[in-house]
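Asker: Have a look at this one before I ask anything.
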Amino acid sequence: MATQQFDIVVLGGGSAGYATALRAKQLGFSAAVIEKDKLGGTCLHRGCVPTKALLHSAEIADVARDGAQYGVMSSVSEINIAGVNSFRTKLVEGKFKGLQGLLKANGITVIDGEGRLVAPNTVRVGADDIIGTHIVLATGSYSRSLPGLDIEGRIITSEQALELTELPKRVIILGGGVIGVEFASVWRSFGAEVTIVEGLPHLVPNEEESVSKQLERAFRKRGIDFKLGVRLQTATQTADSVTVTLEDGTVIEADYLLVAVGRGPATQGLGFEEVGITMDRGFVLANERLETNVPGVYAVGDIVPGLQLAHRGYQQGIFVAEQIAGLNPVVVEDVNIPKVTYCDPEIASVGYTEAKAQEKFGKENVTSYEYNLAGNAKSSILGTAGTVKAVRVNDGPVVGVHMIGARVGELVGEAQLIVNWEAYPEDVAPFIHGHPTQNETIGEAMLKLAGKPLHAI
């Protein structure tokens, strides 16, 4: 048995894990990352990056179909799925190679193998013990299913969906959250008939309700079907199809059933509970400073209850390294972490929805304004509909910004600054936004809330 010792040992090399190690090295610590698969984790290899590659291919197909309205006589003769997959694969491989080089250049030790926590300061990999003054758990997540719904054959998760070598003609998607609507967008752009089944009353149910309703209208216009407020009863499959029966008796047949009901924490069998770490349904419980109940052991990323986002993982990794270094970093609540859903149209948000703001601050103390993209020249050039909605506390700061429309994900950076710096609309209104840009929509919303609208009534 060999032993290695470091200041910080990170179990898991996904977004949260490698961010921890990089910041730790910047702060003068020795750091090791233990990863059983590939650096970059789900985000790089099976999630954020490859799905957005598919979405970009889908966007190109849609733009080509619509070329005539812009005076460009383009069309789509076929979708070459092998070419789409080649683009996706090359992109991921390039980013993976870059990430490996980044960690190497920073002097971070990467240990290949499956690690198991065997003591508060020790992770065992095979026959070797990796000892850390501090241990950071960052083992990520996996695609969930429902009880009795086995992932096999034509019942797939997003991971299998990414690897399909054929274009399905008909698809059922179980779950109308982020993963569900993104794949619905891709497959519809590629010509498939798509039906989403969502048990809650709206698609993307965690977003501002007005945004959810606009997405539903846009999906209807695109020919994407959805069943809301109804749950799956049974799913059966043959060699070439799958049949779903819903609780209301509706029967739907398709080539594939994509199960997109969320992700669970990848913590089983890793020794966490045996070492005494407090868990809840597989999640690692940590305080606001991401410390577990076991001194010297921290948890970051998808295994910590809350938003499961790669950039939340980055933030938490940086936070933990700075916490260990005694820098007392600022806590950013989940509600103030930006979210982007890359369907068509895109959705982006940060902060409280109007309903949640009313619950927290009182209905009478909350004001909102929704600016329509129809009044924005760049949005009209792009041919997109949508809105930018800002929520403020009366005579106080902006506490939420919620957007829907093509490319609005690129606007969420400014929205995040406004919300997290607790800016008043009056603080933002004097700043000039370039014209014509979609960024003007945030400026227009702030001008309206400040009582001096320009292109709003």
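The values are calculated or read from the model by the stated rules, or taken from the named source; none is laboratory data. Only a predicted model underlies this, so the values are computations on that prediction, with no experimental measurement involved. Cβ sites come from the backbone with ideal geometry, for glycine too, and all protein chains shown count toward neighbours.
Asker: Quick one: in region 276-305, which of the residues that are among the β-branched types (V, I, T) and within 21 Å of the chain's Cα centre (by Cα) is surrounded by the most Cβ atoms within 10 Å (Cβ to Cβ)?
Answerer: Checked region 276-305; the qualifying residue surrounded by the most Cβ atoms within 10 Å (Cβ to Cβ) is V300.
Asker: Could you identify the single residue in L290, L327 that is in contact with a strand residue (DSSP E or B) (Cβ under 7 Å, 6 or more places away or on another chain) and either among the acidic types (D, E) or under 30 Å from L11 (Cβ atoms) (or both)?
Answerer: Among L290, L327, only L290 is in contact with a strand residue (DSSP E or B) (Cβ under 7 Å, 6 or more places away or on another chain) and either among the acidic types (D, E) or under 30 Å from L11 (Cβ atoms) (or both).
Asker: A further question follows. Output the number of residues of region 1-33 satisfying the condition of being in a loop (DSSP other than H, G, I, E, B), under 12 Å from A138 (Cβ atoms) and either without any contact (Cβ under 8 Å) to a residue 40 or more places away in the chain or in contact with a strand residue (DSSP E or B) (Cβ under 6 Å, 6 or more places away or on another chain) (or both).
Answerer: Total satisfying the criteria: 1.
Asker: Just to check your reading of the model, which residue among G405, G383 is in contact with a Pro (Cβ under 6 Å, 6 or more places away or on another chain), among the small types (G, A, S) and within 24 Å of L203 (Cβ to Cβ)?
Answerer: Answer to the check: G405.
Asker: Right, here's the next one. Within region 135-186, take every residue that is within 22 Å of the chain's Cα centre (by Cα), farther than 21 Å from G229 by Cβ and charged (D, E, K, R) and give me the one that is surrounded by the fewest Cβ atoms within 10 Å (Cβ to Cβ).
Answerer: E163
Asker: Has region 313-334 got at least one residue that is at pLDDT 95 or above and either basic (K, R) or closer than 30 Å to V63 by Cα (or both)?
Answerer: The answer is no, given that none of the residues of region 313-334 is at pLDDT 95 or above and either basic (K, R) or closer than 30 Å to V63 by Cα (or both).
Asker: Hey, another quick one. Filter region 187-232 for residues that are more than 24 Å from N85 (Cα to Cα) and of a type in the set (S, T, N, Q); which is surrounded by the most Cβ atoms within 10 Å (Cβ to Cβ)?
Answerer: S212
Asker: I need the full set of residues from region 378-425 which are free of Cβ contacts under 8 Å to residues at least 60 places away in the same chain, among the β-branched types (V, I, T) and assigned to a strand (DSSP E or B), in order please.
Answerer: Passing the criteria: V388, V391, V393, V398, V399, V401.
Asker: Scanning for something modelled with pLDDT of 95 or more and within 20 Å of P345 (Cα to Cα), does region 427-435 turn up at least one residue?
Answerer: no
Asker: Name, by its number, the condition in (1) within 24 Å of the chain's Cα centre (by Cα); (2) in a strand (DSSP E or B); (3) not acidic (D, E) that does not hold for K213.
Answerer: Only one criterion in (1) within 24 Å of the chain's Cα centre (by Cα); (2) in a strand (DSSP E or B); (3) not acidic (D, E) is unmet by K213, namely (2).
Asker: Restricted to region 426-443, and to residues that are touching a Phe, Trp or Tyr at 6+ places or on another chain (Cβ under 9 Å) and free of Cβ contacts under 8 Å to residues at least 40 places away in the same chain, which residue is farthest from I60 (Cα to Cα)?
Answerer: Filtering region 426-443 for residues that are touching a Phe, Trp or Tyr at 6+ places or on another chain (Cβ under 9 Å) and free of Cβ contacts under 8 Å to residues at least 40 places away in the same chain, the one farthest from I60 (Cα to Cα) comes out as D427.
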